[in-house]
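All of the numbers you see were taken from the coordinates with simple rules; none came from a lab. Source: prediction; values computed, not measured. Every residue, glycine as well, gets a Cβ built from its backbone with ideal geometry; the counts of neighbours run over all protein chains shown.
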Amino acid sequence: MKALADFIHERRVGYFSMEIALRPDIPTYSGGLGILAGDTLRSATDLELPMVAVTLVSRAGYFRQEIDGAGNQVEHQDKWEPANHAQPLDAKIAIEIAGRTVWITGWLYIMQGHMNGKQPAILLDACLPENHPDDQELTHFLYGGDAQYRLKQEIILGIGGIRLLHALGFEIHKYHMNEGHSALLGLELLKRFSYGSEELRPGESPYDIPRVRELCCFTTHTPVEAGHDRFSYDLVHNLLGDLIPVAVLKRLAGDEVFNLTRLALNLSEYINGVAKSHADISRHLFPGYKVRAVTNGVHPHTWACPEIAALFDRYIPGWCHEPEQLIRAECCIPDDELIAAHQGAKKKLLELVKKNGGPALLPELPTLGFARRMTAYKRPDLLFSDIEHLRKIAEKTPFQVVMAGKAHPRDERGKTLIKELHQIAGMLAGEITVVFLPDYDMETAQILVSGVDIWLNTPLRPMEASGTSGMKAALNLVPNLSVLDGWWSEGCIEGITGWAVGSHDFSSEESDASSLYRKLENIVLPLFYNDPSAWLSVMKNAASKNASIFNSHRMMRRYATEAYIS
Ligand SMILES: *Cc1c(COP(=O)(O)O)cnc(C)c1O
């Protein structure tokens, strides 16, 4: 195939991820992990760093979110047609899953850089007539189904992914597992690098584990033990049969349960967490492993809104390829043009809210933004923990709030939170305008992070491994007001780039809620109203001191030099 020939002539990094946000109209992602994977591939494209991404085609998408009159999340399928965006590959491989042969083919999606460069992504697809009807759906639903469905997907991603790359003629010099979902690729590599029985002395492992470890790197994203994918060995044996003897699996993935994070840790020479604090947590969770920190970043060209991008083009040429240059934002951007660009972005947000039938927002009012997956640990309700106090703050210094986010269809608490936010918004109507925008996705995200004045994040520590939406805000010169977790522990310079909720250690007596209220009431909102020039200075520092660092070009240059070349 001609299009493929462009890519297989040079050695590449194989980047495996269960979800990748390739572009706004391909719904193969659910949240931050997929956005990060997309930004990884986008930066590799701009930097012309040879890579091939591997993921599932997820034909049924994640889901489209509608909110009914009572604040309930209604989920609609978000089907997409791969043929409209990608080219079918004529290779096909087989995997034995639960005693049946499952055939896997793939689609070639070509990511085009905005200036130069292009990179291939292989979208694995089990929807073939030769497969059992149940198996045809194995690559349909992103994070759908039960444990068995999920493990089958992970078999397809890891084992199927490697087999298909091989069949297509790719030469891979490094496998990068983005989160534990793809760890089963290690098992396929073990099979590939095993000694024949005649070469072995009794008791010796038939697998060349050091060789596999040299080929693999692993990025963990989960800061709590319970968040890691785990399966019973019965299930593993039922699905995989004797691909690798269970005794060997137990040594690599844990005695009691088959833990994909453990498997990835044991089969990777290079391991990293996604922020410094997250690497620390991971070292505690998994003692004995050398876990480094490569803090995440966001792709500059993708996440700067058009108004801000135009401003950067004018005053910081070259920012897209070398975002370090954004350090100049502090001195080089004229105030009046910054104000105009931000007002332009804000206007787009207000229009979007209006288009969605939301209440009228006022362009002059300070606007707080909160948008991400709706789930308990993100605490979208922390801002509303003391309604009376919040009313008092708003009487002195009026503000408005825009929120968005999807709850996973099986996350009941997440869905309840959405409902509660709608009740609170109803209750506060006429006093504090609180808008919930439905169907949060890449497009809404760009409008939101650039159109608000303050980006809020209030996760329960240490659950936010990194977080990236705050980086998108900083890139758009929007300061953060956030809990010191993940990237913000590194990005926050109090009063300069934004403000901290809570403290670095856990010693403070003050709760996160009262810290949030105190900062809003005494520092952030008064500054907005009383000292516009100091406010502009915080905005500029968000770009110069945060966006110059927390971008995916810096992240990829680090992966390239520290993880891929070794
Ligand atoms: C950036 C982004 C996220 C990640 O948000 P966090 O606050 O880092 O969790 C989730 N969803 C979408 C659509 C995004 O663009």
Item to check | Selection from Gly106, Pro479, Pro50, by position along the positive dipole direction of the chain (Cβ) | outcome: Pro50
Item to check | Of Lys276/Lys406; Lys392/Lys519; Lys79/Lys419; Lys346/Lys519, those spanning more than 18 Å from alpha-carbon to alpha-carbon | outcome: Lys276/Lys406; Lys79/Lys419; Lys346/Lys519
Checklist entry - Near the amide H of Ala53, under 5 Å away, which other amide H atoms are found, from residues 5 or more places off or on another chain, if H is placed in the peptide plane? => result Tyr15, Ala121, Ile122
Item to check | Candidate lysines - alpha carbon under 27 Å from Lys2, same-chain residues fewer than 8 apart omitted | outcome: Lys92, Lys118, Lys174
Checklist entry - Tell me, what HN-Hα J-couplings in whole Hz come from the Karplus equation 6.51 cos²θ - 1.76 cosθ + 1.60 at θ = phi - 60° for each residue of segment 124-141, using x for Gly and Pro? => result 6, 9, 9, 7, 10, x, 6, 8, 3, x, 5, 6, 4, 8, 5, 10, 7, 10
Item to check | Alpha carbon Rg of the chain, scaled by the compact-globule rule 2.2 N^0.38 Å | outcome: 0.98
Item to check | Assigned charges on the beta-carbon of Lys, Arg, Asp, Glu; the chain dipole about Cα centre (debye) | outcome: 480 debye
Checklist outcome for this item: The answer for the longest stretch of the chain without any exposed GluC sites (Glu not before Pro) (DSSP loop, at most 15 further Cβ atoms within 10 Å) is 257-363
Next on the checklist: Using DSSP H assignments, which helices in the chain have an axial alpha-carbon span of 18 Å or above and a mean Kyte-Doolittle hydropathy of -0.5 or higher?
Outcome noted: 32-46, 412-428
Checklist outcome for this item: The size of the Cβ-based charge dipole (Lys, Arg +1; Asp, Glu -1) of segment 301-550 about the Cα centre, to the nearest 20 debye, is 620 debye
Checklist entry - Among Ile447, Ile209, Ile387, which comes first, second and so on when ranked by fewest other beta-carbon atoms within 10 Å? => result Ile387, Ile209, Ile447
Checklist entry - Residues with amide H under 5 Å of His299's amide H, sequence separation 5 or more or different chain, H placed in the peptide plane at 1.01 Å from N; which? => result Ser552
Checklist entry - Once amide H atoms are placed 1.01 Å from N in the peptide plane, what residues at a sequence separation of 5 or more from Glu171, or on another chain, have their amide H within under 5 Å of its amide H? => result Arg12
Next on the checklist: Spelling out what I want: for every residue of segment 71-86, take phi, set θ = phi - 60°, compute 6.51 cos²θ - 1.76 cosθ + 1.60 (Karplus), and round to whole Hz; glycine and proline get x.
Outcome noted: x, 7, 7, 10, 9, 10, 4, 10, 4, 9, 10, x, 4, 6, 10, 9
Next on the checklist: So for the chain, averaging the separation of alpha carbon pairs under 8 Å that are six or more residues apart and normalising by length, what relative contact order in percent results?
Outcome noted: 14 percent
Next on the checklist: Checking the cross-link filter: which aspartates and glutamates have an alpha carbon closer than 13 Å to that of Lys290, excluding same-chain neighbours under 8 positions apart?
Outcome noted: Glu269, Asp280
